[in-house]
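Let me begin by presenting the structure, written as structure tokens, before commenting on it.
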Amino acid sequence: MDREPLVTIATRLGETLSQQGLTLAVAESCTGGLVAAALTAVAGSSRWFGYGFVTYSAEAKMRLLGLDRGYLDGDHIVSEKTAAAMAQAARTQASADLAIGVTGVAGPSGGSSHCPVGTVAIAWALGERVEAQTFHFAGDRERVRGQAVLSALAGLLARLGGESLARP
């Protein structure tokens, strides 16, 4: 994936968070820390970003985020409901204003007829309000993960009233 749009959107998001005096946390599964990496690539990000939870396994989601096993059985682990619970838990655990939750199937294996490879659910916790969306990305593992990171950051920026400068 081309890193320039990612750097641009992360920088713009950081500026928006700084201007609005907001803090951000993330809970990631299929992106494996790439959302946090994009955010911390921005100089000064420690002013608005403090916590990144990489909860790749169901056990990690239960232990670190306190998710109930009901979210994590079968295809339910990749759902808007689970992404929303991840975002809410990250926001609460970090005492942050905002949070992003990402869960999905990046491939090349692991998909099912109900949840094919490329399915990614992303949620944005904006205080007590949570919005979630399911995406179906095409491409190999790297492309799916890259598109998920870009969509997570662009989605939050759009919800904060900022201008999205990149498209996944």
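Each value in this text was obtained by applying a stated rule to the coordinates, not by laboratory testing. This is a predicted model, so every value here is computed, not measured. FYI the Cβ positions are ideal-geometry reconstructions off the backbone, even for glycines, and counts take in every protein chain you see.
Note on Arg3 and Leu126: with the Förster distance fixed at 35 Å, the Cβ-Cβ geometry gives a FRET efficiency of about 0.85. Return the whole-Å distance between the Cα centroid of region 119-165 and the Cα centroid of region 1-49. Taking the Cα centre of each part, region 119-165 and region 1-49 sit 12 Å apart.
Tell me, what is the FRET efficiency for Gln93 and Ala158 to the nearest 0.05, using R0 = 35 angstrom and their Cβ-Cβ distance as r? Could you put the intermediate results ahead of the total?
Details: r = 25 Å, r/R0 = 0.71.
It comes out at approximately 0.90.
Between Ala43 and Thr134, the simple label model (points 7 Å from Cα in the Cβ direction) yields a spacing of 4.3 nm.
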